[in-house]
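*Asks:* This is the structure I want to talk about, given as structure tokens.
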Amino acid sequence: MKPFPLAIFVTMLISSEVMAVDYYVSTKGSDQNTGTTTESPFRTVAKGVAQLKAGDCLTIRGGRYHESVSIHDLRGTFSHPIVIRSYPGEKVVMDGTRAITGVWKTHSGKIEKIKLEEDIWQLFHGDRMLMLARWPNADLYDGSVWEQDETWGHGSAKSAKGTMVVRTEDGRPDLAATQKSFTGAAAILNIGKYVTLSSPVLSHEAGSNSFTYDGSHESLQWEPLWNSHYYMESQRFFLEGHLNLLDSPGEWHYDKKSRDLYVWLKPGMRNSGLS
């Protein structure tokens, strides 16, 4: 009887080799297809992934795929791996964005707006991520967002827990110069022993270089800082989340209550390319 288990093992091994399947996905396919040939591919990557077993291969044709793919409990083996790949010579882009469609209206000047049905947290024009409106202005693509002396606000030694007084010496950004109120904005604060937190701006008057915020955050350990150089270097912040901050091409703002999206596009950009 000893050879019997061995015979079963060999049979199973041969069977697993025979059962290995090549699947295909294409933006021109259909999830009703067999998915086993380039002439009959699936439409979605999720459909293809759902078919995979040890030894199978999923080949994705070039294109942009707007979908969510969950890979859970998918197991190959050392000798029979599961392979997911792009078609040779073709570029596959997994795109989590959704095209923004609807009727755009002029808000003011070059700022347009549209009402959305779903909340958003990032905005793209093609493959380029646009900058959320903020003060001071900065951009990811030119690297200015990392230039903290020029593109971050700085607190002065007059600041206290719950109150930010802006330091403007040495050409640093001047909040009062905007002549706008930012009450209700979100302050992204890197303060108090280098703690970083987000807090709503509780009060700020147009033309003022100070504002109040909620200083009760448990992680904020505020101490009087006698060393002015240390204080200057350790109190940095920027503001976002307010329509008054939208003052530059390439920026956007989203009002979560009204679900209005506001955008100031750069020259050559069209709102039809937003997602």
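Only the coordinates and a few stated rules stand behind these numbers; no lab work does. Just so it is clear, the structure is predicted and the values come from calculations on it, not from any experiment. Neighbour counts are summed over all protein chains in view; Cβ atoms, including those assigned to glycine, are modelled from backbone coordinates with ideal geometry.
*Asks:* Mark the label point 7 Å from the Cα of Thr34 along Cα→Cβ and return the residues of region 56-75 whose backbone N is within less than 18 Å of it.
*Replies:* Of the residues in region 56-75, 56-59 have backbone N under 18 Å from the label point off Thr34.
*Asks:* Moving to a separate point now. Using only Cα atoms and rounding to the nearest 10 degrees, what angle (0 to 90) does helix 3-19 make with the longest principal axis of the chain?
*Replies:* The answer is roughly 60 degrees.
*Asks:* Running a GNM on the chain with Cα contacts under 10 Å, which residue among Val83, Val201, Val45 ends up with the highest mean-square fluctuation?
*Replies:* Result: Val83 has the largest fluctuation of those listed.
*Asks:* Expressed in nm to one decimal, what extension gain is obtained for the pair His66 and Ala177 from 0.36 nm per residue of sequence separation less their Cα-Cα distance?
*Replies:* Gain on extension, His66 to Ala177, equals 35.6 nm.
*Asks:* Can you give the local net charge around Thr36? Use residues other than it whose beta-carbon is closer than 11 angstrom to its beta-carbon, Lys and Arg +1, Asp and Glu -1.
*Replies:* Overall, the nearby charge balance is -3.
*Asks:* Can you tell me the relative contact order of the chain? Whole percent, Cα pairs under 8 Å, sequence separation 6 or more.
*Replies:* Relative CO of the chain lands at 16 percent.
*Asks:* May I ask you to compute the full-extension gain from Asp95 to Asp127, defined as 0.36 nm times their residue separation minus their alpha-carbon distance, rounded to one decimal in nm?
*Replies:* Working: separation 32, 0.36 × 32 = 11.52 nm, distance 0.93 nm.
Full extension from Asp95 to Asp127 adds 10.6 nm.
*Asks:* Need one number: nm distance between label points at Asp139 and Ser258, each 7 Å from Cα along Cα→Cβ, rounded to one decimal.
*Replies:* 2.7
*Asks:* Show log10 I(q)/I(0) for region 151-202 at q = 0.24, 0.31 Å⁻¹, two decimals, from a solvent-free Debye sum over equal Cα scatterers.
*Replies:* -1.13, -1.48
*Asks:* Taking the Cβ of Ser144 as the centre, find all other residues whose Cβ is under 12 Å away and add up their charges (Lys, Arg: +1; Asp, Glu: -1).
*Replies:* -4
*Asks:* Compute from the Cα atoms of region 41-115 the Rg and the Dmax, the latter being the longest Cα-Cα distance, and quote both in angstrom.
*Replies:* Values for region 41-115 (Cα only, Rg and Dmax): 18.9, 63 Å.
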